[in-house]
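Undergrad: This is the structure I have questions about; it appears just below.
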Amino acid sequence: MHLQLASIYITAALPVIHAALNPSCAPGGNFDLSPWELQLPIGSTGSPETISSSSLQGCSGYQDSGHQYFFTESGDGALVMKVPGGTSTGCVTTPNSKHCRTELREVDPSTGSPTSWDPNAGTNRLSATLIVPEPDNSGHGTVIGQVHIDDSVSSKPVCELYYNSSGDIVMGVEQTRSGGNEKFTTIGNVPVGTQFSYELSYESNVLSVSLNGGSQQTLSTYSLDAPTSYFKVGNYNQGTSPSDIHFFAISVQH
Ligand SMILES: *[C@@H]1O[C@H](CO)[C@@H](O)[C@H](O)[C@H]1NC(C)=O
């Protein structure tokens, strides 16, 4: 009897394998979604549907039945967040925004209620590993992560990390708490459809971002003066064409 062993060639071109992700679970079976609630681009205008943290958690947690907005990719188990485009598609926005989103908003993992934290504390970090197969058609592109000012203080972000159809990644930072005047800094370029990771931190009153585990790039926070803040991560469409983002890891640390 002869056993023929298959030859295995390992090359740098092999796709990255995400062994930990189970394609037959909802996202909550593969990702710790206890620190998040989900904002969807459906529901009524000014009051889009929100899915609570407890409903998101576990292998049988929430995913939309039509696999249009928030679901597990059947091949690789990625957490997919999709937005159909601008409001002309019928998608709905939150009260203070003109744009539609499928986006996670930070909550207190012990209560599931929206939370915020002090940027002067020693550790406030958001990390994500993702592929953007389809950024929207706006100039700066789709927002893939944010630090947002506490809602009782302002409806504006501290900063938004954008990814556009050229693969350019820029950070927009508001200069004041009343906002509306983001200053943009180039962070890097990752070709569309290529996996990368980012880490966003706002700790000891220093805002910084890094790509692919590289050095932290520090950003001015102008006159913001460390407002109480929270993290957001997902797909916040800024254009009129659809956007599609696949996440392989998301974590938050305080
Ligand atoms: C993407 O962003 C870069 C940097 O801001 C910009 O130069 C480029 O024109 C943008 N691409 C598109 C298609 O708007």
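Undergrad: Filter the range 128-137 for residues that are away from the ligand (no atom under 16 Å from the Cβ) and among the aliphatic types (A, V, I, L, M); which is farthest from THR221 (Cα to Cα)?
TA: Restricting to residues being away from the ligand (no atom under 16 Å from the Cβ) and among the aliphatic types (A, V, I, L, M), the top hit is ILE131.
Undergrad: Also, I was wondering about something else. Are any residues in the range 138-178 in a loop (DSSP other than H, G, I, E, B) and more than 15 Å from the ligand (Cβ to nearest atom), and if so, which ones? Please lay out each step first, then the result.
TA: Initially, the range 138-178 is screened for residues in a loop (DSSP other than H, G, I, E, B), giving 138-141, 150-156, 164-167, 174-178.
Answer for the range 138-178, where residues must be in a loop (DSSP other than H, G, I, E, B) and more than 15 Å from the ligand (Cβ to nearest atom): ASP150, ASP151, SER152, VAL153, SER154, SER155, LYS156, GLU174, GLN175, THR176, ARG177, SER178.
Undergrad: Can you pull out the residues in the range 179-188 that are within 12 Å of the ligand (Cβ to nearest atom) and open to solvent by 70 Å² or more (accessible area, probe 1.4 Å)?
TA: The answer is PHE184, THR186.
Undergrad: Does the range 118-127 contain at least one residue that is within 16 Å of the ligand (Cβ to nearest atom), surrounded by 18 or more Cβ atoms within 10 Å (Cβ to Cβ) and within 16 Å of the chain's Cα centre (by Cα)? First the steps, then the outcome.
TA: Taking the range 118-127 first, the residues within 16 Å of the ligand (Cβ to nearest atom) are none.
There is no residue in the range 118-127 that is within 16 Å of the ligand (Cβ to nearest atom), surrounded by 18 or more Cβ atoms within 10 Å (Cβ to Cβ) and within 16 Å of the chain's Cα centre (by Cα).
Undergrad: All but one of (1) loosely packed, with under 13 Cβ neighbours inside 10 Å; (2) more than 15 Å from the ligand (Cβ to nearest atom) hold for PRO191, so report the exception by its number.
TA: Looking at each condition in turn, PRO191 falls short on (2).
Undergrad: Of the residues LEU211, LEU219, LEU200, which is touching a residue at least 24 places away in the same chain (Cβ under 8 Å), crowded, with 17+ Cβ neighbours inside 10 Å and closer than 26 Å to SER34 by Cβ? Full working, then the answer.
TA: On the way: LEU211 fails: closer than 26 Å to SER34 by Cβ; LEU219 fails: closer than 26 Å to SER34 by Cβ.
LEU200 is the lone residue from the list that is touching a residue at least 24 places away in the same chain (Cβ under 8 Å), crowded, with 17+ Cβ neighbours inside 10 Å and closer than 26 Å to SER34 by Cβ.
Undergrad: In addition: Check whether at least one residue in the range 228-241 is open to solvent by 30 Å² or more (accessible area, probe 1.4 Å) and more than 16 Å from the ligand (Cβ to nearest atom), and report yes or no.
TA: yes
The values are calculated or read from the model by the stated rules, or taken from the named source; none is laboratory data. This structure is a prediction, so every number in the text was calculated from the model and none was measured. Note that we place each Cβ from the backbone using ideal geometry, even for glycine, and neighbour counts take in every protein chain shown. Just so you know, the surface numbers come from the protein's heavy atoms only, side chains and all, with ligands and any DNA or RNA stripped out. Shrake-Rupley method; radii C 1.70, N 1.55, O 1.52, S 1.80 Å.
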